[in-house]
Amino acid sequence: MLQALRRYRLEHGHAVVPLAIFAILANFAYLRRFGFYEDDWYYMAGAWGTPAAGWFTALLHSVRNFYVGRPLQEVCLYVFAYLGAVFESIGLLYAIAAILYALSVVLAYHVLKLRYSTLFASITAALFAVSPLTTIRQHLDGTLWSAPGFICLFLAILIYARARQFAWSYLFASMALLIYEPFFFVFLAAPVFRRGRKTWISLALHLATCGAILLVYLILRRLLSEARLSSSLNSPSLLATAWNAAAFALSWTAHSFITYAYAAIVARRDAATESVLWTLGLIAFVSITLFRSLSFGGTRRQTAGSIKRAVWWIRRAALPGLLMLLLGFAVSAFTGAQAFPITGRDTRFSLAAIFGSSLFVAGLLFALRSLASGKYWRRTFTNSSLGVLIVLTLYSFVIQDDYAKEWAHDRSVLEQIRTLTPDATPDTLLILHRQWAGEPPFLKTPRMPSINSQPHGVEISLRQLYDNKKGPWIFIVYSDQWKNFLAPQADGKLHWTKADVESSSARDLATPVEHVITLVEERNGQLHRDNIPIEIAGHQITLIATQQPSNWKAFAASPLAPKVFATP
């Protein structure tokens, strides 16, 4: 065992160690300033105030019912959330996420090494580590399942490519499927990395086996009446469904390259001095420890501009990358997204496409480099490759900065709410009127943050900060239209008339709305209480602020509360 580790260190240590450090720092250098966002409040925060028996009973129920068709994703989220709660540490969760993500980058490097040089594999793995296609690497409810998904996918390809114990490759591919379906479609391209001569029979067998696995998976979802199973299975025209899926995949593949331009513009416009310093230091580290030991020059035969070599890179790297990019978006038609997501939680839809995109971009860069003749132009294209990596790394630090700012903002909002509402009780509804909605995420308008564009996490946050979820609800609105969806019911009390009211959190139609506190948040993050009385159908529902001892001290705070509130 020790001898094998020593051999591995000698063969790959010069590459995997710098890549792992790069992946961790480029995405988690600010982890001490990260917190909970959006769905983190359901999973990561929920474990803090729930007894272990109840928590794992909920996990078992979720797995048995094949919730959203991803039982292993649920296992990852519940188990890691419980670890964070047991050790009462948010930082531990981010440390686990960082290690898992670094491992996925290292495995991506090993997959690439099956077919390409160490230099190409290293650059592509580095591009994979900071790909602009997604902004959720710092989102616990993204990375704590997507990193294990990538790990299963890359292990499946490695085992398949080495032509040993094929069954294990399909086992790991099935695990990736049960974590996140799009990963499995990328595995269809595994023959690209298989050593030796490939035959049509072996390719057909591979596709048939994958098809059988996918069929069993869909049958299981149907038998268990899994709610999110696409209605397209009931479509009278499977051909039309397949055509729609292919059109979506092509469209999203084309749109995915916009993220590189967006990353360059945002990095230039919004990068803080700290982000620039981190980027320069990290790129210098990678250049010294990794790229310095690798040859950018090539053999004497390749020193002149070579069309043949450029064609080789297109055929053997860029086109396989494009294939895997398309496969990564194979089920994009079923996401429900109205437009290609450039930033925010919805960029999870691009996760499976990251590896193919990185391979495609690296293949193009090396093809251009092969065309260059003379030292000057070859050095120019070499610097261009490093320049792309610098821009994407800087953008990754901008994303980290967004996460840090959003957590500070959310903590400030929750602290101000508690200060302004001493009369709140567990059944109080806190209406938080924000003076702005999200702007379109591109160029001429203020950009959306990299996370928290969906406010449902903040809306349940106070409930999760108190034992047995006894905190009050927050309802974020952007206008006064919410009043139009309250009406008296048979019990003589006001109820919501619609579950989906100007919010990503569903309204409880059965619970009466009797005590409301309205708060206004300005663009600068400052809150004030609005004491204007609100009367609906003869019911005065607004609580007017009065001087009184705070009710918050009587709430049973969970161990998470001290991590969020600056004052007890």
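The values are calculated or read from the model by the stated rules, or taken from the named source; none is laboratory data. From a predicted model like this one, the values you see are computed outputs, not experimental measurements. As a convention, Cβ positions derive from the backbone with ideal geometry for all residues, glycine included, and neighbour counts pool all protein chains shown. We work out accessible area using only protein heavy atoms, side chains counted, and drop any ligands, DNA or RNA first. Shrake-Rupley method; radii C 1.70, N 1.55, O 1.52, S 1.80 Å.
For residue 249, are the conditions met, namely being closer than 23 Å to residue 324 by Cβ, of a type in the set (A, V, I, L, M, F, W, C) and either open to solvent by 40 Å² or more (accessible area, probe 1.4 Å) or modelled with pLDDT of 90 or more (or both)?
Yes, satisfied.
For every residue, the table says whether it meets (1) of a type in the set (Phe, Trp, Tyr); (2) within 23 Å of residue 357 (Cβ to Cβ); (3) in contact (Cβ under 8 Å) with a residue 40 or more places away in the chain; (4) open to solvent by less than 10 Å² (accessible area, probe 1.4 Å).
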site	(1), (2), (3), (4)
140	no, no, yes, yes
157	no, yes, yes, yes
166	yes, no, no, no
178	no, no, yes, no
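Name the pairs whose Cβ atoms lie under 6 Å apart, with the first residue in segment 29-54 and closer than 16 Å to residue 463 by Cβ and open to solvent by 10 Å² or more (accessible area, probe 1.4 Å), the second at pLDDT below 90 and in a helix (DSSP H, G or I), and 6 or more positions between them or separate chains?
As it stands, the answer is 49/467, since those pairs meet every condition given.
What tally of residues in segment 96-123 results from selecting those that are charged (D, E, K, R) and either on the phi > 0 side of the Ramachandran plot or part of a helix (DSSP H, G or I) (or both)?
The number of residues fulfilling the criteria is 1.
Could you check segment 332-356 and list, in sequence order, the residues that are surrounded by 20 or more Cβ atoms within 10 Å (Cβ to Cβ) and either polar (S, T, N, Q) or closer than 14 Å to residue 181 by Cα (or both)?
332, 333, 343, 347, 348, 349, 350, 351, 352, 353
How many residues, within segment 209-226, are open to solvent by 60 Å² or more (accessible area, probe 1.4 Å) and either hydrophobic (A, V, I, L, M, F, W, C) or assigned to a helix (DSSP H, G or I) (or both)?
Result for segment 209-226: 7.
What single numbered condition from (1) crowded, with 19+ Cβ neighbours inside 10 Å; (2) in contact with a Lys or Arg (Cβ under 7 Å, 6 or more places away or on another chain); (3) part of a helix (DSSP H, G or I); (4) not hydroxyl-bearing (Ser, Thr, Tyr) fails to hold for residue 148?
Going through (1) crowded, with 19+ Cβ neighbours inside 10 Å; (2) in contact with a Lys or Arg (Cβ under 7 Å, 6 or more places away or on another chain); (3) part of a helix (DSSP H, G or I); (4) not hydroxyl-bearing (Ser, Thr, Tyr) one by one, residue 148 breaks only (2).
I'd like the full set of residues that are surrounded by fewer than 16 Cβ atoms within 10 Å (Cβ to Cβ) and either at pLDDT 85 or above or small (Gly, Ala, Ser) (or both), limited to segment 498-523.
Scanning segment 498-523 gives 499, 504, 506, 510, 520, 522.
Got a sec? Which of 392, 359, 326, 371 is open to solvent by 40 Å² or more (accessible area, probe 1.4 Å) and at pLDDT 95 or above?
326
Residue 73: touching a residue at least 60 places away in the same chain (Cβ under 8 Å) and touching a Gly at 6+ places or on another chain (Cβ under 8 Å), yes or no?
Yes, satisfied.
Given the criterion modelled with pLDDT under 85, surrounded by 13 or more Cβ atoms within 10 Å (Cβ to Cβ), of a type in the set (Phe, Trp, Tyr) and within 34 Å of the chain's Cα centre (by Cα), identify the matching residue among 565, 555.
555
Please name all residue pairs, on different chains or six or more residues apart, with Cβ atoms under 8 Å, provided the first residue is in segment 326-345 and is free of Cβ contacts under 8 Å to residues at least 60 places away in the same chain and the second residue is polar (S, T, N, Q).
341/347; 341/350
Run down 68, 75, 63 and say which single residue is modelled with pLDDT of 95 or more, part of a helix (DSSP H, G or I) and farther than 19 Å from residue 289 by Cβ.
75
Which residues, counting only those in segment 29-48, are touching a Lys or Arg at 6+ places or on another chain (Cβ under 9 Å) and farther than 17 Å from residue 408 by Cβ?
Passing the criteria: 39, 46, 48.
Considering only segment 55-77, how many residues are of a type outside the set (S, T, N, Q) and open to solvent by less than 30 Å² (accessible area, probe 1.4 Å)?
Looking only at that region, the number is 9.
Residue-wise test of (1) closer than 25 Å to residue 91 by Cβ; (2) within 11 Å of the chain's Cα centre (by Cα); (3) at pLDDT below 95.
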{"position": "129", "(1), (2), (3)": "yes, no, no"}
{"position": "140", "(1), (2), (3)": "yes, yes, no"}
{"position": "145", "(1), (2), (3)": "yes, yes, no"}
{"position": "156", "(1), (2), (3)": "no, no, no"}
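In segment 533-551, what residues are over 16 Å from residue 486 (Cβ atoms) and surrounded by fewer than 10 Cβ atoms within 10 Å (Cβ to Cβ)?
The answer is 546, 547, 548, 549.
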